[in-house]
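A short write-up of the structure that comes next.
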Amino acid sequence: MSTDLTPQVTRPNRALPHLRSELARLTHRRLYRVIVVLLLAGLTLVSVVAFATSSKTSRIPPDAQQQYERAAASFDRTFPNVVREYERCVTQVPEGATPDDYCGPAPDRVQDAPRPEWFYPDKRYDATKNLPAVVIAVSVAAALLAFVLGASSGGAEWSSRSMTLQLLWEPRRLRLLGIKWLALVIVTVTTMIVTLVVALALAWLTSVLRGTPDAIDGAFDPGFFTTLGGTAVRGGAFAAIAGSFGYAIAMLVRNTGAALGTAFIYFAVVENAVRVALPRFGPEPFLLGSNSVAFLVPGGLEVPGASTTVSEPGGGLSTSVDMVQLTNLRSLTTLLVYLAVVSVAAVWSFTRRDVA
Amino acid sequence: MAVIEAQQVRKTYRRRGKPPKAALDGLDLIVEAGGVHGFLGPNGSGKTTTLRCLLGLAHADSGSLRLLGVDAPRELPRVIGEVGVLLESPAFFPPYSGRLNLQLLATAASLPATRVDEVLDLVGLRDAADERVKGYSLGMRQRLGIAAALLKRPRLLVLDEPSNGLDPAGMKEVRELLRRLGNGQVTVFLSSHLLGEVQQICDDVTIVARGRYVAGGRVDDVLAAQATGAVRVGVADAARSLDVLRAAGFDAADDGRGILVRNVSDGAMVTRALAEHGLYVSWLMPEQVDLEQAFLSLTEGTGLDQGDPQ
């Protein structure tokens, strides 16, 4: 009881110490630690499987080699006949049709020739195929877990009523929300980067020990690392967006379960209902699901847009669907618009509603 | 200087499917700096709503609120560093330890880490500081809440039912602490339903009912205002004395603890009336009014059983 009880002016919370406190609050959460362990365990498991199913050697066993040579000889024998048959077919193409439509693609001695891997798949771990897949897989996993973390950390503030306590230390609600959101983004992106580095290191190690770090067929494509880096950056952004969605929904509904349920209902029910109910209007380019995929995949995604039904001159109806290219930028814009709408609603609700 | 001022504050809770409920109906309140100020009222009288409006957790529909001389909640950020609050049951993050919960608050406010240990010591929680809050008893949570309220070294300490869940020894410690704070430079604003506690440690009191100010001032003054002017008399022949007093026009009754005579302006009138009939008083005591009686008398018919709106 000898503590000094003399009043002393405590300054209102400053941004940086407050941010440090929020970062500690998030990273001390058991869920966050479980997420980190899950991510690392998942990566280790995938690496072990890749390691076990890959092989350093590219030598073809003798029986497979014989089968390949027999097939190659047969191809060489029959190829001139295939060419002749194609040339005959081309002369008979009906008016209005193309040779490709009527006869199929032109024969190509290099492209069509049998390959050794058809008879004995090359089991070497191929970095060119696996690294982009690793980045996308980590991004998807990180985004899902970021959503859960965002929803849970937002919901827990309300269920434990610790939000009330924090407002008694920082009554500027917008500022409090902003700092909490910033802390979530920092934690999400940092975790994503660390996970990605570990994932790429494991994939690289597997390539060195059980395959080749270079492409099997030669050197990496010139843009390989640019594309890989771009995918990684988009993956980090996607995880941050997913975490922000989770947090914003939880702040709106003030409950973790309700936030997770809202997301489940949206993806399982609402999106599918819209696809079924409004196929003519081509809702796909505007849905969160397709835009999420389009944002992650290098180059974006082509999705069906609006469809038009026209009467044929000879009777009957034909339907044509306009395909829409969702570029990475376009899908990012769509995701951000959705996020802005949910965030504005969350901010409005948080600043206007009473806190119990 | 007033540390808390409320003028004509109104607040109605509107909930879907339920009729609106007026929690504050033109409440007026003034708390001067220094000492311990009690805030009394039956359940549903608007005590907690008043605190929530003052601290920016709820929005008042109309009226004006000032805290430490600034408009609340608009200018609350200017003074929040000087206000320590324990509002209802303390709201900590259950999976974290008591120490971590306090450390997070201290870090955000740039307070030194040593301050956390100081307040943990002060409330007797140092030994349990590293245990998770979800394993704490209600009393331990309450102590942690008081520790959090004191973390900032506040000039104004707002406490809502601080004795909730505390054992008798804990209640005594907290009361002594509040008294110590009130004797120093801290103003303690204590909302409590424990009338004995308020009477014991408060210098001033404000009584509210149905969201309105009912009475207020120095505790002694409030009690004096409610004094009934009754005296209790001890005589050998109680039955005859009762007859004599009634015949003389006194409102008298025998409740087994002596004869209670109400509305007596001067005790000598009672002794004289009895002595004229050969009855001599062995003792005479003015009837004391305690805060409970004053409170019940002031808040009579204000719906004690109504649930607190928040």
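No lab work stands behind these numbers, since they all come straight from the coordinates. Because the structure is predicted, anything quoted here is derived from the model rather than measured. Here the Cβ is made from the backbone with ideal geometry for all residues, glycine too, and neighbour counts use every protein chain on show.
Tell me which lysines have Cα within less than 21 Å of B:Lys47's Cα, excluding those fewer than 8 residues away on the same chain?
By straight Cα distance, B:Lys47 reaches B:Lys11, B:Lys21.
Can you tell which of A:Val297, A:Val148, A:Val310 shows the greatest fluctuation in a Gaussian network model of chain A with Cα springs below 10 Å?
Fluctuation is largest for A:Val310.
Take A:Leu209 and B:Arg180, extend 7 Å from each Cα along the Cα→Cβ direction, and tell me the distance between the two endpoints in nm.
Inter-label distance under the simple model: 6.2 nm.
If you take every DSSP beta bridge fully contained in the protein assembly as shown, what fraction is antiparallel? Give it as a percent rounded to 5.
Working: 45 of 64 bridges.
Here the share of antiparallel DSSP bridges comes out near 70 percent.
How well do other chains shield peptide B:103-114, expressed as the mean number of their Cβ atoms within 10 Å of each residue Cβ? If you can, show how the numbers build up before the last one.
Values: counts 4, 11, 8, 4, 10, 15, 10, 10, 4, 0, 0, 0.
Shielding by partners across B:103-114 averages 6.
Using amide H atoms built in the peptide plane, which far-off residues or other-chain residues are under 5 Å from A:Gly211 H to H?
A:Tyr125
Mind checking which lysines have their Cα closer than 24 Å to the Cα of A:Lys56? Skip sequence neighbours fewer than 8 apart in that chain.
Output for A:Lys56: A:Lys123, A:Lys129.
Give a residue-ordered list of calculated ³J(HN,Hα) values for the range A:255-262 (Karplus: 6.51 cos²θ - 1.76 cosθ + 1.60, θ = phi - 60°; whole Hz; x for Gly, Pro).
Residue by residue, the range A:255-262 yields 6, 5, x, 5, 5, 5, x, 4 Hz.
Got a sec? Which residues in the range A:102-130 would a label at A:Arg70 touch, if it sits 7 Å along Cα→Cβ and we count backbone N under 16 Å?
A:114-116, A:118-120
Please list, or write none, the lysines whose alpha carbon is within less than 28 Å of the alpha carbon of A:Lys180, excluding same-chain residues fewer than 8 places away.
Candidates past the 8-residue exclusion: B:Lys134, B:Lys152.
Can you put B:His37, B:His277 in order of Cβ neighbours within 10 angstrom, beginning with the fewest?
Working: B:His37 28, B:His277 15.
Placing the least packed residue first, the sequence is B:His277, B:His37.
What ³J(HN,Hα) values, in whole Hz, does the Karplus curve 6.51 cos²θ - 1.76 cosθ + 1.60 give for the range A:178-184 when θ = phi - 60°, with x put for Gly and Pro?
Once rounded to whole Hz, the list reads x, 5, 5, 5, 4, 4, 5.
Taking the Cα atoms only, what angle lies between the long axis of helix A:127-159 and the longest principal axis of chain A, rounded to 10 degrees?
Tilt of helix A:127-159: around 30 degrees.
Label A:Val341 and B:Thr114 with points 7 Å out from Cα along Cα→Cβ: what is the distance between them in nm?
5.5 nm
Work out the length of the dipole vector of the range B:231-288 about its Cα centre, built from +1 on the beta-carbon of each Lys and Arg and -1 on the beta-carbon of each Asp and Glu, and round it to the nearest 20 debye. The partial results should precede the final answer.
Details: 6 positive and 8 negative charges, 8 e Å.
Dipole magnitude for the range B:231-288 comes out near 40 debye.
Where does the charge balance sit around A:Ile186 when Lys and Arg score +1, Asp and Glu -1, over other residues with C-beta under 13 Å from its C-beta? Write out the running numbers ahead of the final one.
Values: positive: A:Arg20, A:Arg25, A:Lys180; negative: A:Glu22.
Spelling it out: positives minus negatives among the neighbours equals +2.
Sort out for me the Cα centre separation of the range B:44-102 from the range A:311-330, rounded to whole Å.
60 Å
With r as the distance between the Cβ atoms of A:Thr226 and B:Gln200 and R0 = 56 Å, compute the FRET efficiency 1/(1 + (r/R0)^6) and round to 0.05. Intermediate results must be reported in sequence, preceding the final value.
Numbers: r = 76 Å, r/R0 = 1.35.
With R0 = 56 Å, the Cβ-Cβ based efficiency is 0.15.
So for the pair B:Arg272, B:Ser64, with labels modelled 7 Å out along Cα→Cβ, what separation do we get in nm?
It is 5.4 nm.
Per residue of B:48-58, count partner chain C-beta atoms within 10 Å of its C-beta, then hand back the mean as an integer.
On the way: counts 0, 1, 0, 0, 4, 1, 0, 5, 7, 8, 4.
Mean number of neighbouring Cβ atoms from other chains: 3.
I'd like the distance between the alpha-carbon centres of the range A:101-115 and the range A:176-213, rounded to an integer number of Å.
That distance is 43 Å.
Rounded to the nearest 0.05, what FRET efficiency do B:Ser282 and B:Asp220 have when you use their Cβ-Cβ distance and R0 = 25 Å?
Numbers: r = 29 Å, r/R0 = 1.18.
The calculated FRET efficiency here is 0.25.
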